[in-house]
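Structure below; questions to follow.
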Amino acid sequence: MTGPKPADRTSRRGFLETTGQGLAASALAGVAIPAVHAGESHTIKIALVGCGGRGTGAAANALSTRSGPIKLVAMADVFENRLKMSYEALTNTSGDGGSVDRPAGTWGRDQVDVPPDRRFIGFDAYKHAMECLSPGDIVLLTTPCAFRSVHFAHAIERGLNVFMEKPTTVDGPSTRKMLELADRSSTRNLKVGVGLMCRHCDARKALLERIRDGQIGDITLLKTYRLVGPAGFTGPKPPDMSELLYQVKNYLSFFWASGGLVHDYTSHNIDECCWMKGSWPVRAHGLAGRYYRTDEVDQNLDHYSVEYTFADGTNLFLNARNMNGCHGEFASYAHGTKGSAVISTSMHTPAKCRIYKGHNFAKGELNWAFPQPEPNPYQLEWDHLVAAIREDRPYNEARRGAEASLVQIMGRMACHTGQVVTWDQALNHTQEFAPGLESLTMASAAPIHPGKDGRYPTPQPGLLGDREYQA
């Protein structure tokens, strides 16, 4: 198997020939999407679907763009209290100015125009929120990623531009569906942003140019770490909550909803390394396990180590751990024949990208460092998306977002099955974690259920070599 660059992967679509037949007859197949140009006074309306911390932060960034008037007009969630908290945060424009996921106080109160009749609750709330928009407006899709393709398909039918949070898929079937939808959105000239905001980071862009210029030589090794405390571990369901809402609320605890904690947490780390390499890996194998659990019943493992291999034999090593009392690190690195580079230092911003003569990252060997402070990439990704809409420039990150998710799926699957997993095997795998999500209601059964011991099924590497878990 060869390892083409990300852009070259787009020709490998034989598996899509039948996937989207049911979606092809869109109600807007012949409708032209009106362009919004920078010189017009057109107000872009936005709707927020998924009102958690990341959704609220994305809405704040959208409202903080300065290329023209923009207004939030509708909100949707399955939890009324979460929507209420998000609304209150967005209407309190004092903000704190420093948090990625909290309002920064850079928009006007009149930009939030969401009266009670445009605040929708339920699994079909996304449809009602999108009905408040016109073709060419923007819908923010920031629910648990299992719902991404369902909501994206409806946005395409309505001719809406889209911002969707990462990751965008959780398994092979949802990736194939998302790739088909990416092509459909491109043919409609819709603008689509995906929340892999590291690709909009000025520091990382400057580092990439220097790597391409040969300043660290040929890349021989990439490594990335997210060694942090526990997250996504949860105890038994409370008796006053339905099984379905319990799993949606604790989405990081369930593979169907989020791909699991490792899938959500390593998105940026893996993507920024592949960006520097200029390619996606062709195969993966890895190890994972679960320690020190007491009453937690979720599906997550708490440590992962993945060796990705690119077509030229170069490796990317991913190490992820969620444990207290252990060495902590949250960074990505590139090693080359002439030196090394820091891709990111701590968290995702500021990246503090640097280049060194050697491989020990010693201060005396520093060759270059991006000047501080850095523009916030969470804001830049929105500035770029809205500018592309107003100027009617091609702008669609949906395919790349799906491919980035597939790299994560490939590594996670290798750990969960105990097998070497290739790109094609991950892409064409038949295990669909949660089919039929478009039909969910508040009364629906959950996609997965606990066993007699009250615990949810976990991976069994070697025993279940053909699937990630037995539902």
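Starting from residues that are closer than 15 Å to ALA414 by Cα and in contact with a Lys or Arg (Cβ under 6 Å, 6 or more places away or on another chain), keep the ones in region 309-339 and report whichever is most open to solvent (accessible area, probe 1.4 Å).
Result: PHE317.
A further question follows. So, in region 92-143, exactly how many residues are at pLDDT 95 or above and out of contact with any Asp or Glu (no Cβ under 6 Å at 6 or more places or on another chain)? Can you show your working first?
Step one: filter region 92-143 for residues at pLDDT 95 or above, giving 111-143.
Adding the requirement that they be out of contact with any Asp or Glu (no Cβ under 6 Å at 6 or more places or on another chain) leaves 111-120, 122-141, 143.
Number satisfying all stated conditions: 31.
I've got another one for you. Being open to solvent by less than 50 Å² (accessible area, probe 1.4 Å) and within 20 Å of the chain's Cα centre (by Cα) is the filter; apply it to region 416-453 and report the residue that is nearest to ARG176 (Cα to Cα).
LEU427
Kindly indicate whether any position in region 412-427 is among the β-branched types (Val, Ile, Thr), within 28 Å of LYS249 (Cα to Cα) and either touching a Ser or Thr at 6+ places or on another chain (Cβ under 8 Å) or in a loop (DSSP other than H, G, I, E, B) (or both). Let's see the steps before the verdict.
Pass one, region 412-427, residues among the β-branched types (Val, Ile, Thr): 417, 420-422.
Retained after the next criterion (residues that are within 28 Å of LYS249 (Cα to Cα)): 417.
Adding the requirement that they be either touching a Ser or Thr at 6+ places or on another chain (Cβ under 8 Å) or in a loop (DSSP other than H, G, I, E, B) (or both) leaves none.
Scanning region 412-427, I find no residue that is among the β-branched types (Val, Ile, Thr), within 28 Å of LYS249 (Cα to Cα) and either touching a Ser or Thr at 6+ places or on another chain (Cβ under 8 Å) or in a loop (DSSP other than H, G, I, E, B) (or both), so the answer is no.
Here's a follow-up. Return a yes/no flag: does region 402-410 have any residue that is open to solvent by 40 Å² or more (accessible area, probe 1.4 Å), at pLDDT 95 or above and within 21 Å of the chain's Cα centre (by Cα). It would help to see each step written out before you state the result.
Residues of region 402-410 open to solvent by 40 Å² or more (accessible area, probe 1.4 Å): none.
No - not one qualifying residue is present in region 402-410.
Could you look through region 40-60, keep only residues that are over 18 Å from the mean Cα position of the chain (by Cα) and closer than 18 Å to ALA125 by Cα, and pick out the one that is most open to solvent (accessible area, probe 1.4 Å)?
The selected residue is LYS45.
Can you tell me which residue within region 454-471, out of those that are open to solvent by 90 Å² or more (accessible area, probe 1.4 Å) and out of contact with any Pro (no Cβ under 9 Å at 6 or more places or on another chain), is nearest to PHE147 (Cα to Cα)?
Residues of region 454-471 that are open to solvent by 90 Å² or more (accessible area, probe 1.4 Å), as a first pass: 463, 466, 470-471.
Keeping just the survivors that are out of contact with any Pro (no Cβ under 9 Å at 6 or more places or on another chain) gives 463, 466.
Values: LEU463: 30, ASP466: 25 Å.
Step by step, filter region 454-471, then rank; the result is ASP466.
May I ask you to verify whether ARG467 is of a type in the set (Lys, Arg), more than 25 Å from ARG321 (Cβ to Cβ) and modelled with pLDDT of 95 or more? Give the derivation first.
Numbers: of a type in the set (Lys, Arg): yes; more than 25 Å from ARG321 (Cβ to Cβ): no; modelled with pLDDT of 95 or more: yes.
Criteria not met by ARG467.
Specify the residue that is most open to solvent (accessible area, probe 1.4 Å); the eligible residues are those in region 255-297 that are among the polar types (S, T, N, Q) and either touching an Asp or Glu at 6+ places or on another chain (Cβ under 7 Å) or farther than 30 Å from THR220 by Cβ (or both). Give the steps one after another, and end with the answer.
Of all residues in region 255-297, those among the polar types (S, T, N, Q) come to 258, 266-267, 269, 279, 294.
With the extra rule that they be either touching an Asp or Glu at 6+ places or on another chain (Cβ under 7 Å) or farther than 30 Å from THR220 by Cβ (or both), the set shrinks to 258, 294.
On the way: SER258: 2, THR294: 98 Å².
It comes out as THR294.
Give region 134-160 a look and list any residue that's outside any helix (DSSP H, G or I) and open to solvent by 10 Å² or more (accessible area, probe 1.4 Å), or say none.
Applying the first criterion (outside any helix (DSSP H, G or I)) to region 134-160 yields 134-144, 158-160.
Residues satisfying the conditions are SER134, PRO135, THR142, THR143, PRO144, ARG158.
Given the structure, is ALA74 more than 16 Å from ALA125 (Cα to Cα) and buried (at least 21 other Cβ atoms within 10 Å of the Cβ)?
Values: more than 16 Å from ALA125 (Cα to Cα): no; buried (at least 21 other Cβ atoms within 10 Å of the Cβ): yes.
Judged against the criteria, ALA74 is not a match.
Would you mind telling me which numbered condition in (1) more than 27 Å from GLY235 (Cα to Cα); (2) surrounded by fewer than 22 Cβ atoms within 10 Å (Cβ to Cβ); (3) in contact (Cβ under 8 Å) with a residue 24 or more places away in the chain VAL306 fails?
(2)
For GLU397, work out the one condition from (1) under 22 Å from GLY195 (Cα atoms); (2) touching a Ser or Thr at 6+ places or on another chain (Cβ under 7 Å) it doesn't fulfil.
Against the list (1) under 22 Å from GLY195 (Cα atoms); (2) touching a Ser or Thr at 6+ places or on another chain (Cβ under 7 Å), GLU397 comes up short only on (2).
Also, I was wondering about something else. Looking only at region 120-160, count every residue that is free of Cβ contacts under 8 Å to residues at least 40 places away in the same chain and aliphatic (A, V, I, L, M) and tell me the total.
Result for region 120-160: 2.
Of all residues in region 161-178, which are part of a helix (DSSP H, G or I) and open to solvent by 10 Å² or more (accessible area, probe 1.4 Å)?
In the first step, residues of region 161-178 are kept if they are part of a helix (DSSP H, G or I); the result is 172-178.
Those that are part of a helix (DSSP H, G or I) and open to solvent by 10 Å² or more (accessible area, probe 1.4 Å): PRO173, SER174, ARG176, LYS177.
The values are calculated or read from the model by the stated rules, or taken from the named source; none is laboratory data. Note that the structure is predicted; figures quoted are calculated from it, not measured. FYI the Cβ positions are ideal-geometry reconstructions off the backbone, even for glycines, and counts take in every protein chain you see. Protein only, heavy atoms only, side chains kept; ligands, DNA and RNA dropped before computing areas. Shrake-Rupley method; radii C 1.70, N 1.55, O 1.52, S 1.80 Å.
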